[in-house]
Amino acid sequence: MKIPDRNTAKQFLLEAEKINPGNWVPHSLFTAQAAEAIAKVHPELDSEVAYVMGYLHDIGRRAGVTYLRHSFDGYHFLQQQGYEDAARICITHTFWFNGLEDYPGKWDCSVEEIHFLKSYITSIDYNEYDRLIQLCDCLALPTGFCLLEKRLVDVALRYGTTKYTTAKWRRLFENKAGFEQKIGRSIYDLLPGVKENTFR
């Protein structure tokens, strides 16, 4: 797969943090750790690939405080570095339904950029890594791992809801159940500090 190694990914994130520091950086680290932990016990996934994809899913935030645009910026940054599969995750972690309509935040892209995102997301079939990072993105607060419900409320309070919100939540819990069936246990068994971080 076309992804950077862990050290290169770390350099990308360190550089990005200097440009745009914020809670998105520790959130990315916890997303990576959750992805790695699940992939280690998953029969089809490579834990190193999972870690790097989780680590870089929000790398588009290096360009500043943005919303929809962070997916576009992350994709193009990693594409320019030659990491096509890592670039893909910058888009797929944001859009769960092969379309843009469910996105609740600001649409801060140009008409051409929105057209590109729509064209890209409708042309692919989601794979297990796409679904894994969508799940792990919702397990990670900047302070650590949490129940999905806490992260969903956190996002809804910051970005608002749409007519797709309930369908998205249902899709996420279906995604969780699918991974738990494949790994034969609760995902929460793999994530230390979930209870403490959820109820702090």
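The values are calculated or read from the model by the stated rules, or taken from the named source; none is laboratory data. All of these numbers come straight from a predicted model, not from anything done at the bench. Here the Cβ is made from the backbone with ideal geometry for all residues, glycine too, and neighbour counts use every protein chain on show. For accessibility, only protein heavy atoms count, side chains too; no ligands or nucleic acids. Shrake-Rupley method; radii C 1.70, N 1.55, O 1.52, S 1.80 Å.
Worth pointing out:
- Taking each residue of region 63-85 that is basic (Lys, Arg) and looking for partners that are assigned to a helix (DSSP H, G or I) with beta-carbon atoms closer than 8 Å, six or more apart or interchain, yields Arg69/Gly60; Arg69/Ala63; Arg69/Glu113.
- Selection of region 159-171 for residues being in contact (Cβ under 8 Å) with a residue 24 or more places away in the chain and in a helix (DSSP H, G or I) yields Tyr159, Thr165, Ala167, Lys168, Arg171.
Let's see how each residue does on (1) over 15 Å from the mean Cα position of the chain (by Cα); (2) in a helix (DSSP H, G or I); (3) within 14 Å of His93 (Cα to Cα):
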residue: Thr8; (1), (2), (3): yes, yes, no
residue: Phe12; (1), (2), (3): yes, yes, no
residue: Glu17; (1), (2), (3): yes, yes, no
residue: Leu29; (1), (2), (3): no, yes, no
residue: Ala34; (1), (2), (3): no, yes, no
residue: Ile38; (1), (2), (3): no, yes, no
residue: His42; (1), (2), (3): yes, no, no
residue: Met53; (1), (2), (3): no, yes, yes
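- Odd one out for Ile59 among (1) within 16 Å of the chain's Cα centre (by Cα); (2) surrounded by fewer than 21 Cβ atoms within 10 Å (Cβ to Cβ); (3) within 16 Å of Asp73 (Cα to Cα); (4) among the hydrophobic types (A, V, I, L, M, F, W, C): (2)
- Residue match in region 7-23 (condition: open to solvent by 20 Å² or more (accessible area, probe 1.4 Å) and touching an Asp or Glu at 6+ places or on another chain (Cβ under 9 Å)): no
- For region 143-156, the condition of being open to solvent by 30 Å² or more (accessible area, probe 1.4 Å), without any contact (Cβ under 8 Å) to a residue 40 or more places away in the chain and of a type in the set (Val, Ile, Thr) holds for at least one residue.
- Members of region 62-88 that are of a type in the set (A, V, I, L, M) and open to solvent by 30 Å² or more (accessible area, probe 1.4 Å): Ala63, Val65
- Residues (open to solvent by less than 40 Å² (accessible area, probe 1.4 Å) and outside any loop (DSSP other than H, G, I, E, B)) located in region 89-119: Ile89, Cys90, Ile91, Thr92, Glu113, Ile114, Leu117
- Taking the criterion of being within 15 Å of Tyr103 (Cβ to Cβ) and either of a type in the set (Lys, Arg) or in contact (Cβ under 8 Å) with a residue 60 or more places away in the chain (or both), the only residue of region 123-142 that qualifies is Asp137.
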